[in-house]
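Presented below is the structure to which this report refers.
What follows draws every value from the coordinates through simple rules; no lab data is involved. Everything numeric in this text was worked out from a predicted model, so none of it was measured. Positions of Cβ are backbone-derived with ideal geometry, glycine not excepted, and every protein chain shown enters the neighbour counts.
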Amino acid sequence: MGSTSAETAEVMNASDIDRALTRIAHEIVEKNRGGDDLVVLGIPSRGVPLAERLAEKLERIINRPAASFCGSLDITMHRDDVRRRAPRVPAPTRLPEAGVDDQTVILVDDVLFSGRTIRAALDALVDCGRPQAVRLAVLVDRGHRELPIRADHVGKNIPTSRSEAVRVELSEIDGEDRVIIERPAAQVELDESDADESEANN
C-alpha cells in the first residue's frame, strides 16, 4: 500500500542556508568590485529576512551599515496572477535613504521557479527609480522557467518536478531554518508502484 500523505525531504538545513548566504555575499562584492553603490531589496515574504541576513554579511565585508542599503520591495500590484490568488494586503516597500537611482540593486527571493515573481519585481522596481544595474540572488533555483529570467547568485540548484513543492522555512517566520521538498501523495504512490513493478520484472 502506498502512503496517503505527502512525502517530505530536507535538502538544506540551517548551516547550509548560512553558508549559501555567506558565499553569495562574497560573490556580490567580487562581481560588483566593492559595495559603495549596492542596494539589497527583499521580495516578501521570505525574501525579506533573507535580504536582511545577506545585508548583515555584506556589512562585515564592505564596512557599510546594513540598514543603509537594505530594504524590501512589494510586488503585489504587479503580479500577473493577482486575480487567481487569495487577496493579500500589500506590504510596504522600504527603500534605503539613497533610493535606487544609479545603484546596483540586488533583488533577493527564496525560490526561483517560473520567473513570474521576478518579472513583477522588475516592474515594481521601475516604479521606484532607475538603477544602474539589477541582479538577482535566490536561495533555491528549482528550474521550470516560463520567462527568460536567470539568477546571478544561487544558494543551491535543486532539480524538481512540477508536481513537487519547494518550501523554504526561516526562523524569523517559521521558527526554524530549512528547505524541504514535498512530493504529493499521488506521486509517491506512483513511484512506489513503479518500483514494485520493476522488482517483479527482475
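Separation between the HIS26 and ILE173 pseudo-spin-labels, each 7 Å from Cα along Cα→Cβ, expressed in nm?
If labels sit at HIS26 and ILE173, their model points lie 2.8 nm apart.
Wrap a convex hull around the Cα atoms of the range 28-151, take a quarter of its surface area, and give that in square nanometres. All intermediate terms of the calculation are to be shown ahead of the outcome.
On the way: hull surface 29.6 nm².
Result: 7.4 nm².
Calculate the FRET efficiency for ARG64 and ASP127 from the Cβ-Cβ distance with a Förster distance of 30 Å, rounded to the nearest 0.05.
On the way: r = 25 Å, r/R0 = 0.84.
Efficiency for this residue pair is about 0.75.
Could you state the principal axis extents of the C-alpha atoms in the range 96-143, from the largest down, to the nearest angstrom?
Its Cα atoms span 33, 17, 15 Å along the three principal axes.
Could you sort the peptides 40-47, 170-177, 105-112, 63-70 by per-residue average Cβ neighbour count (10 Å cutoff), highest mean leading? Working shown, then result.
Details: 40-47: 23.2, 170-177: 13.8, 105-112: 25.5, 63-70: 16.4.
Highest-to-lowest ranking by the protection proxy: 105-112, 40-47, 63-70, 170-177.
Taking neighbour counts of Cβ atoms within 10 Å as a proxy for exposure, in what order, fewest first, do GLU27, GLU10, GLU59 appear? Kindly include the intermediate steps, with their values, before the conclusion.
On the way: GLU27 15, GLU10 11, GLU59 18.
Ranked by crowding around the Cβ, least crowded first: GLU10, GLU27, GLU59.
How do LEU147, LEU73 line up, fewest other C-beta atoms within 10 Å first?
Numbers: LEU147 11, LEU73 29.
Ordered by Cβ neighbours within 10 Å, fewest first: LEU147, LEU73.
If neighbour count is taken as other Cβ atoms inside 10 Å, put THR160, THR8, THR104 in order from fewest to most. All intermediate terms of the calculation are to be shown ahead of the outcome.
Numbers: THR160 18, THR8 12, THR104 22.
Exposure proxy ranking, most exposed first: THR8, THR160, THR104.
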